[in-house]
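Undergrad: One structure follows; several queries about it will come next.
Every number in this text was worked out from the coordinates using simple rules, so none of it is lab data. The model shown is predicted, which means the values in this text are computed figures rather than measured ones. When we count neighbours, we look across all protein chains shown, and the Cβ atoms used for this are built from the backbone with ideal geometry, even at glycine.
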Amino acid sequence: MTTQDQIKDIVERANALRGYLDVDRRRVELEEDEIRAAAPEFWNDAKRAETHMKKVKENKRWVEGYDKIKSAAEELELAFDYLKEGIIEEAELDAAYKHASDMLDEIEMANMLRREEDQLGAVLKIVAGAGGTEAQDWAQMLMRQYMRYCERHGYKVSVSNLQDGDDAGIKTCTLTIEGDTVYGYLKSENGVHRLVRVSPFNAQGKRMTSFTSVFVTPLVDDTIEINIEQARISWDTFRSGGAGGQNVNKVESGVRLRYMYKDPDTGVEEEILIENTETRDQPKNKENALRLLRSMLYDKELKRRMAEQAKIEAGKKKIEWGSQIRSYVMDDRRVKDHRTNYQTSNVQAVLDGEIDDFIKAYLMEFGGEA
């Protein structure tokens with residue numbers, strides 16, 4: 001049964017939101033900005049208008065989120081009074097408490113995603129590790145997991161590159177994911193994912209271990225300026241594979257972008273290679289490849305900032321990019337995150353895209369540091 005102290009805690013947390021989300025200021029700004037957006041000349045400068053509307057959308061999200069939680073907290077107090085009067089059952093009060101608590105958890109977690117890059121979409125690349133068919137099958141399982149997660153949250157997903165495995169699965173794929181705060185949530189998936197299972201590809205039925213790397217970078221939009229040196233770009237074209245269509249293996253619609261990136265601190269150069277086979281339109285694929293390049297360059301700048309911050313705050317725990325982060329052990333029915341120690345026995349649900357609890361555990365522990 002929900003207690004009076006639990007209800008008091010919900011009300012206090014809801015009231016605290018008004019202060020640390022600065023709701024009153026956001027509400028005034030939202031009203032003023034919506035008036036400006038209604039002006040006839042507003043869209044004369046499209047880029048400026050887009051930046052303005054992005055701010056409107058963000059303030060509206062926080063104000064509406066607070067209003068919903070405030071309303072849920074008031075309904076919870078009312079439900080408690082109704083219970084004392086015998087108008088409702090305990091189960092209805094418990095349901096009202098869970099509804100308000102879940103909403104508070106969600107907005108408090110979202111409040112941790114304050115950085116510019118957290119608000120962006122994401123580019124998620126999956127690369128099968130050594131191990132042939134077994135690792136490639138695991139890579140495809142992870143691809144399905146993330147696509148199901150995105151479907152569950154209403155994110156728009158497109159596959160910008162996909163290389164099939166030799167016998168099963170995939171060698172690599174790149175997913176472009178669009179939606180609010182996608183990078184803020186999915187940055188927790190960056191690292192090596194380990195699968196332990198009795199292999200369906202092994203005649204002796206041996207227990208096998210496979211590794212697949214997941215790389216997550218912010219998907220930049222037109223409001224973010226990224227300097228690309230055109231002289232450092234070179235292009236190749238190739239024939240896209242895939243099913244159907246008269247131009248399959250006839251038209252070189254696939255593009256391969258090579259960019260010689262020079263580290264501004266060390267002067268060391270490295271080649272960035274991006275392939276895009278998303279459409280049958282070569283110019284469109286070039287445009288998509290450039291967008292992915294901008295995202296990768298933006299990510300490199302973020303890592304430079306993180307490295308500088310790590311030097312200043314050397315005593316803080318640092319989350320290493322590319323480290324092993326999670327194990328999926330099929331026999332033991334266990335998925336465990338090695339950074340937070342959060343684990344669940346519902347392996348199938350996780351593989352079906354239910355990874356919210358892992359993301360929440362990561363943000364609650366490391367969100368403040370990020």
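Undergrad: When only alpha-carbon atoms are used, what values of Rg and Dmax, in angstrom, describe the chain?
TA: 23.9, 76
Undergrad: Modelled label-to-label distance, ARG144 and ARG27, 7 Å Cα→beta-carbon offset: nm?
TA: Distance between label points: 4.8 nm.
Undergrad: Can I ask one more? Put +1 on the Cβ of each Lys and Arg and -1 on the Cβ of each Asp and Glu in the chain; which of LEU195, MET147, ALA110 then has its Cα farthest toward the positive end of the dipole?
TA: Going by the Cα projections, it comes out as LEU195.
Undergrad: Taking the Cα centre of the chain as the origin, how large is its charge dipole in debye, to the nearest 20, when only Lys and Arg (+1) and Asp and Glu (-1) carry charge on their Cβ atoms?
TA: Here the size comes out at about 1540 debye.
Undergrad: Exceeding 30 Å between C-alpha atoms, which entries from my cross-link table qualify? They are LYS171/LYS286; LYS125/LYS336; LYS284/LYS360; LYS98/LYS187.
TA: LYS284/LYS360
Undergrad: I've got another one for you. Applying a 10 Å radius around every beta-carbon, put 42-53, 293-304 in order of their mean neighbour count, most first.
TA: So the peptides 42-53, 293-304, ranked by packing, come out 293-304, 42-53.
Undergrad: Tell me, what is the FRET efficiency for GLU77 and ARG114 to the nearest 0.05, using R0 = 22 angstrom and their Cβ-Cβ distance as r?
TA: Efficiency, rounded to the nearest 0.05: 0.15.
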